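Worksheet for the structure shown next.
The values are calculated or read from the model by the stated rules, or taken from the named source; none is laboratory data. The structure displayed is predicted, hence computed values, not measured ones. Heads up, the Cβs are rebuilt from the backbone with ideal geometry, glycines too, and the neighbour counts pull from every protein chain shown. For the accessible areas, the whole protein counts, side chains as well, though only heavy atoms, and no ligand, DNA or RNA atoms are used. Shrake-Rupley method; radii C 1.70, N 1.55, O 1.52, S 1.80 Å.
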Amino acid sequence: MANEFLLMPDPADARLVARVSGIDQTGASVETSVVAEKPLTLYLNAREIVTMMTIGDYPEYLALGYLLNQNMLPADAKVTGIDFDAELDVVVVRTDRETDFEDKLRKKTLTSGCAQGTAFGDLMEKFDKVALDKTAQLKTSQLYRLLRTINTAPSLYLEAGAIHGCVLCAADRALVYMEDVGRHNAVDKIAGYMYRHGLAPHDKIFYTTGRLTSEMVIKTVQMGIPILVSRSGFTAWGVELARKAGLTLIGRARGSRFVVLAGPERVVFDASAREAAEEDAKLRRKGAEDG
């Protein structure tokens, strides 16, 4: 399954996971994997913007995606370079002209993301202007295949836990899988990747392991992606904003079950939950036989 991804986590990367000794509930000595966490300071040209706590992979994508999702990069601004200093834990995004980031930071709203959340300079600046593709569709057969692919892919979550994952998908193919200690960081990494590689958003699906909060809905809409899926649940404002923007919002997606609370017209029921459950059972039997 790993070869289905354009980019995915590397649980074997020693920079991202540490081994720590401790004791278990019986008092016996144990050694377990824990996720790494380090500060990354972002500069926009010569101005310091923010210091983020992150696992440290793909700092260039994280920096660029953060600026995009904070609305701190004007549509006509050109990114001329991204420089990362691993010793100083600093990343610098350079543009062809100065930006109005001071105005963006003047008004802040702290969202419900894990840890510090995300401070939006103007929370709804682009939200009301985005027109999501109304012709985009997600077949239930595609959704079930995506869930199986994502849930069985090698990941830092399976290795050490304590981390969030986000996946950019198209039809039934998982394209880009990013993880981080904060779900907002994982989202920003994908936004940065899409920008750098020119991936169109209109036919994409965004999957997250985190809750479907206002932050997740706003970022997905700002990225122009019409379908958002999570294995977790919803917040009321997240649902309200999704309905306002015409975003398809699918939550509690586990195995053969899911709930759609916004944009149900994009969901095509071509495979039943029973068929999906039978396929999962077949794969589990095959895995047991191969093992």
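Sort through Y61, Y66, Y43 and tell me the only one that's open to solvent by less than 70 Å² (accessible area, probe 1.4 Å) and in a strand (DSSP E or B).
Details: Y61 fails: in a strand (DSSP E or B); Y66 fails: in a strand (DSSP E or B).
Result: Y43 is the single residue among Y61, Y66, Y43 that is open to solvent by less than 70 Å² (accessible area, probe 1.4 Å) and in a strand (DSSP E or B).
Kindly indicate the residue of region 102-126 that is out of contact with any Ser or Thr (no Cβ under 6 Å at 6 or more places or on another chain) and crowded, with 18+ Cβ neighbours inside 10 Å and also modelled with the highest pLDDT among those meeting that condition. Give the steps one after another, and end with the answer.
Residues of region 102-126 that are out of contact with any Ser or Thr (no Cβ under 6 Å at 6 or more places or on another chain), as a first pass: 102-110, 113-116, 119, 121-122, 124-126.
Among the residues that remain, those that are also crowded, with 18+ Cβ neighbours inside 10 Å are: 104, 113, 121.
Values: K104: 57, G113: 51, G121: 47.
Applying the filter and picking the extreme gives K104.
Listed here are the residues, each with its yes/no results for (1) at pLDDT 95 or above; (2) touching a helix residue (DSSP H, G or I) at 6+ places or on another chain (Cβ under 7 Å); (3) closer than 21 Å to G65 by Cα.
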site: K129; (1), (2), (3): no, no, yes
site: K134; (1), (2), (3): yes, no, no
site: G161; (1), (2), (3): no, no, no
site: A170; (1), (2), (3): yes, no, yes
site: A191; (1), (2), (3): yes, yes, yes
site: Y207; (1), (2), (3): yes, yes, yes
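Please go through region 214-240 and give me each residue that is among the polar types (S, T, N, Q), over 20 Å from A131 (Cα atoms) and either in contact (Cβ under 8 Å) with a residue 60 or more places away in the chain or surrounded by fewer than 24 Cβ atoms within 10 Å (Cβ to Cβ) (or both), ordered by number. Show your work before the answer.
Step one: of region 214-240, the residues among the polar types (S, T, N, Q) are 214, 220, 222, 230, 232, 235.
From what's left, over 20 Å from A131 (Cα atoms): 230, 232, 235.
Across region 214-240, the qualifying residues are S232, T235.
How many residues are part of a strand (DSSP E or B), charged (D, E, K, R) and loosely packed, with under 10 Cβ neighbours inside 10 Å if we restrict to region 1-38? Lay out the reasoning, then the answer.
Narrowing region 1-38 to residues part of a strand (DSSP E or B): 7, 17-23, 29-35, 38.
This time we only want the ones that are charged (D, E, K, R), so: 19, 31, 38.
If we keep only those that are loosely packed, with under 10 Cβ neighbours inside 10 Å too, we end up with 31.
Number of matching residues: 1.
Within 11 Å of the chain's Cα centre (by Cα), open to solvent by less than 10 Å² (accessible area, probe 1.4 Å) and of a type outside the set (F, W, Y), is that true of V167?
Details: within 11 Å of the chain's Cα centre (by Cα): yes; open to solvent by less than 10 Å² (accessible area, probe 1.4 Å): yes; of a type outside the set (F, W, Y): yes.
In short, yes.
Only one of these conditions is not met by L73: (1) open to solvent by 30 Å² or more (accessible area, probe 1.4 Å); (2) modelled with pLDDT under 90. Which number is it?
L73 satisfies all of (1) open to solvent by 30 Å² or more (accessible area, probe 1.4 Å); (2) modelled with pLDDT under 90 except (1).
Answer with yes or no whether G81 is in contact with an Asp or Glu (Cβ under 8 Å, 6 or more places away or on another chain), at pLDDT 95 or above, surrounded by fewer than 17 Cβ atoms within 10 Å (Cβ to Cβ) and outside any loop (DSSP other than H, G, I, E, B). Quick ask: steps written out before the conclusion?
Details: in contact with an Asp or Glu (Cβ under 8 Å, 6 or more places away or on another chain): no; at pLDDT 95 or above: yes; surrounded by fewer than 17 Cβ atoms within 10 Å (Cβ to Cβ): yes; outside any loop (DSSP other than H, G, I, E, B): yes.
Judged against the criteria, G81 is not a match.
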